[in-house]
Amino acid sequence: MVYSAMPNPGTIILEDTRTCVLHAAPWNVVLHDDPVNYMGYVTLVIRKVFGYPKAKAEKHMMEVHQLGRSGVWTGERETAELHVHQLQAHHLNATMERTDADA
């Protein structure tokens, strides 16, 4: 808020100067099943890219194996793009998609 005094003593005008900051919806990094990579390798890459402990990486690997996909990470778009590229560099099938935060 900005306060300004008017020429008339005792008169104050309030001007609203607040701004609204819109945050972009987060993005999901999705790892998809493929018939090429071994489960142990997928677990190793998940641990390397995200720094997850073994149990969490294995959980995601099993989701990929059993359900065909797993949402392995959620956050800002730029970081999601980086993670997708890192997974793809290890020959894993990964994509990113917007969350349903706008719905």
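Does Leu14 meet the test of being at pLDDT 95 or above and not small (Gly, Ala, Ser)?
no
Enumerate the pairs (first residue in the stretch 63-75 and farther than 15 Å from Leu87 by Cβ and open to solvent by less than 30 Å² (accessible area, probe 1.4 Å); second residue anywhere and modelled with pLDDT under 95 and not hydrophobic (A, V, I, L, M, F, W, C)) with beta-carbon separation below 8 Å, excluding pairs fewer than 6 apart on the same chain, so at least 6 apart or on different chains.
Filtered contacts from the stretch 63-75: no entries.
Considering the stretch 76-103 alone, what residues qualify as being more than 11 Å from Val29 (Cβ to Cβ) and surrounded by 15 or more Cβ atoms within 10 Å (Cβ to Cβ)?
If the condition is that a residue be more than 11 Å from Val29 (Cβ to Cβ) and surrounded by 15 or more Cβ atoms within 10 Å (Cβ to Cβ), then His90, Asn93 are the ones that fit.
Determine, yes or no, whether His85 is outside any helix (DSSP H, G or I) and out of contact with any helix residue (DSSP H, G or I) (no Cβ under 9 Å at 6 or more places or on another chain).
Answer is no for this residue.
Can you give me the number of residues within the stretch 27-62 that are touching a strand residue (DSSP E or B) at 6+ places or on another chain (Cβ under 8 Å), within 17 Å of Ala89 (Cβ to Cβ) and either surrounded by 16 or more Cβ atoms within 10 Å (Cβ to Cβ) or among the aliphatic types (A, V, I, L, M) (or both)?
Total satisfying the criteria: 6.
Among Lys59, Lys48, Lys54, which is at pLDDT 95 or above and under 18 Å from the mean Cα position of the chain (by Cα)?
Lys48
The values are calculated or read from the model by the stated rules, or taken from the named source; none is laboratory data. From a predicted model like this one, the values you see are computed outputs, not experimental measurements. Because the Cβ atoms are built from the backbone with ideal geometry, glycine has one as well, and the counts that use them run over all protein chains shown. Ligands, DNA and RNA are stripped out before the accessible areas are found, and what is left, the full protein with its side chains, is counted by its heavy atoms. Shrake-Rupley method; radii C 1.70, N 1.55, O 1.52, S 1.80 Å.
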